[in-house]
Every structure is written in structure tokens, then in C-alpha cells.
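*Asks:* What follows is a structure written as C-alpha cells; I'll ask about it next.
The values are calculated or read from the model by the stated rules, or taken from the named source; none is laboratory data. None of these values were measured; they are calculated from a predicted model. Please note: Cβ atoms are built from the backbone with ideal geometry, for glycine as well, and neighbour counts cover all protein chains shown. Side chains are part of the model used for accessible areas, which takes the heavy atoms of the whole protein and leaves out ligands, DNA and RNA. Shrake-Rupley method; radii C 1.70, N 1.55, O 1.52, S 1.80 Å.
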Amino acid sequence: MRILLVEDEPTLRAQLREVLQAAAYAVDEADNGRDAHFLGDTETFDAVVLDLGLPVLDGLTVLKRWRDAGRTMPVLILTARDNWSEKVAGIDAGADDYLTKPFHWEELLARLRALIRRAAGQASPVLRCGDVQLDTRSGRVTLGGQPVVLTSHEFKVLDYLMHRPGAVVSRGELTEHIYAQDFDRDSNTIEVFVGRLRKKLPPGLIETVRGLGYRLVVA
Ligand code: CA
């Protein structure tokens with residue numbers, strides 16, 4: 001899953017980036033409203049963490065412009081303490097959730113997981129497909145109750161597919177959602193990750209749909 005992180009305070013942004021990357025998210029960053037608006041308008045994200053107090057263009061305006069343009073990605077806004085009217089304005093502008101600064105990392109991660117699974121139509125934090133379970137909270141994957149050890153990229157591919165069981169997902173779509181923009185993207189590597197996942201998971205779980213992509217077969 002790929003997150004757009006918009007925060008102008010360098011120390012906080014660096015900390016957030018580290019926390020998000022440690023939680024297996026691909027992270028793109030912006031430190032002002034103009035760059036944030038451009039990235040959110042032109043790239044694909046599974047969620048956005050948007051500080052409202054930003055230079056050049058304020059967060060509320062950025063959010064309104066995205067929504068006016070039909071961009072539907074989940075947006076979690078960061079608001080100043082004791083500023084209730086900012087929360088109301090943010091939610092009315094199209095934010096899906098908010099956090100008041102300062103906040104705990106765990107709460108940010110929990111809210112992001114909830115936004116991402118809701119956007120994918122999933123209610124439970126534990127994703128299941130046959131005997132395979134993926135716990136989005138711990139990042140643990142099990143097969144018939146036994147742990148399956150995955151590399152970070154294998155996990156990212158499986159996580160994306162398990163949020164969309166039964167749906168055809170193209171290699172291009174997977175590439176967009178597991179790599180940040182500055183990463184050297186190569187959609188051929190997706191094939192490699194899927195190949196490795198197939199060796200670790202039940203045969204037939206990840207189906208190749210010729211010319212279109214992959215599909216997680218729902219048992
Ligand atoms: Ca700020």
C-alpha cells in the first residue's frame with residue numbers, strides 16, 4: 001500500500017516516514033500544499049496523511065481541489081490541538097478521518113489501516129482467503145495457522161491482493177501501489193514476487209489472468 005505523507009515540519013515528517021515504512025507502506029512525501037496537490041492529482045495512493053497548516057497552499061484547499069476533481073483516496077488530516085472548527089471544516093471538505101497533534105504512532109497506523117480496509121470494502125482487520133490469513137495489525141501471514149515468512153515486497157503484493165479478493169489486479173496496478181515514486185520501478189519484478197509467493201502459499205491461490213494480471217482465488 002502506498003501513502004502520500006504531507007507535512008511541512010521536517011522532523012515530524014522524517015519520523016512519520018520511518019514509522020510508515022516500518023509498517024510496510026511505500027511513502028511519497030510533500031512539504032507544501034502545491035507539491036501535495038500535484039502528487040495527489042497525478043499519482044495513485046491508498047491513503048493520504050495531510051497536515052492542514054502548510055506553506056504555499058493550505059491543506060484544506062488541497063483537499064477541496066482533490067475532491068472537486070473526483071479524487072477519492074482516503075484522507076486523514078492532522079489538525080492543531082483545540083481547534084475543533086478545523087476538524088469540522090476538514091471533514092466537510094472531504095476528509096475521512098482526523099488526528100489531533102500530538103498523537104501516538106499506533107493510533108495513526110490503526111486509523112490508516114481502517115481507512116485502507118474500508119476503502120477496499122473490508123471490515124475485519126484480519127484478511128482471510130481459504131487457509132491463508134493476513135493480520136493487517138501485526139503484518140503476520142499464516143497458512144493453516146502456521147506462520148509464513150515473507151519478504152517485505154512479497155508481503156506488499158499479498159497485502160494488496162488480499163484487500164481485493166476475486167478482483168483482477170494488473171501488474172501495473174501492483175507496481176503503482178507497492179513502490180514510491182522515486183523507486184526504480186520495474187513491473188517485471190512483480191512477476192518474481194508473485195512467483196515466490198506461489199511457492200509459499202497453496203497452489204492455485206494466485207491465478208494468472210492472461211493479458212490482464214493476477215487474481216486471488218476465493219475458495
Ligand atoms: Ca504544518
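*Asks:* Where in the stretch 154-219 are there trypsin sites (Lys or Arg not before Pro) that are in a DSSP coil and have at most 16 other Cβ atoms within 10 angstrom of their Cβ?
*Replies:* Passing both the DSSP loop test and the Cβ count: Arg185, Arg210.
*Asks:* Let me ask something else about it. If you roll a 1.4 angstrom probe over the protein chains with everything in place, what fraction of the accessible area of the stretch 2-119 belongs to carbon and sulfur, to the nearest %?
*Replies:* Carbon and sulfur: 48 percent of the exposed surface of the stretch 2-119.
*Asks:* Would you tally the net charge around Arg140, using a Cβ to Cβ cut-off of less than 14 Å, leaving Arg140 out, and scoring K and R as +1, D and E as -1?
*Replies:* Neighbour charge sum, excluding Arg140 itself: +1.
*Asks:* Please return the longest range in the chain lying between exposed loop sites, taking chymotrypsin sites (Phe, Trp or Tyr not before Pro), DSSP loop only, at most 14 other beta-carbon atoms within 10 Å, and leaving the sites out.
*Replies:* Here the longest run is 1-102.
*Asks:* Towards the positive end of the charge dipole of the chain, with charges on Cβ (+1 Lys, Arg; -1 Asp, Glu), say which of Leu4, Phe103, Gly130 has the farthest Cα.
*Replies:* Of Leu4, Phe103, Gly130, it is Gly130.
*Asks:* Still on this structure, please answer the following. How far is helix 187-200 tilted off the main Cα axis of the chain, in degrees rounded to 10, range 0 to 90?
*Replies:* With both axes taken from Cα atoms, the answer is about 50 degrees.
*Asks:* Would you work out the relative contact order for the stretch 126-216, in percent, from Cα pairs under 8 angstrom that are 6 or more residues apart?
*Replies:* Value for the stretch 126-216: 27 percent.
*Asks:* Search the structure for amide H atoms under 5 Å from the amide H of Val75, placed 1.01 Å from N in the peptide plane, and list their residues when 5 or more places away or on another chain.
*Replies:* It is Val48, Asp96, Asp97, by chain and number.
*Asks:* Write down the percent of antiparallel bridges among all DSSP beta bridges whose residues are both part of the chain, to the nearest 5.
*Replies:* DSSP beta bridges in the chain are roughly 50 percent antiparallel.
*Asks:* OK, next. Counting helices only, and only those DSSP H runs with n ≥ 4, report the 222 nm mean residue ellipticity of the chain as the sum of -39,500 (n - 2.57) divided by its residues, in deg cm²/dmol to the nearest 500.
*Replies:* For the chain, the value works out to -12500 deg cm²/dmol.
*Asks:* Follow-up question, since we're still on this one. Taking a probe of 1.4 Å, how large is the accessible area per residue of the chain, in Å²?
*Replies:* 49 Å²
*Asks:* If you put +1 on each Lys and Arg Cβ and -1 on each Asp and Glu Cβ, how big is the dipole of the stretch 1-103 around its Cα centre, in Debye rounded to 20?
*Replies:* Result for the stretch 1-103 is approximately 140 debye, rounded to the nearest 20.
*Asks:* In whole Hz and in residue order, list the ³J(HN,Hα) couplings for the stretch 127-132 that follow from phi through the Karplus curve 6.51 cos²θ - 1.76 cosθ + 1.60, θ = phi - 60°; x for Gly and Pro.
*Replies:* 8, 10, 9, x, 8, 8
*Asks:* Quick one: in the chain, what % of C-alpha pairs are over 23 Å apart?
*Replies:* It works out to 47 percent of all Cα pairs.
*Asks:* Of Lys156/Lys200; Lys64/Lys156; Lys87/Lys156, which sit over 21 Å apart, Cα to Cα?
*Replies:* Correct reply: Lys64/Lys156; Lys87/Lys156.
*Asks:* Compute the separation of the alpha-carbon centres of the stretch 104-177 and the stretch 1-75 and state it in Å as a whole number.
*Replies:* Spelled out, the Cα-based centre of one part sits 21 Å from the other.
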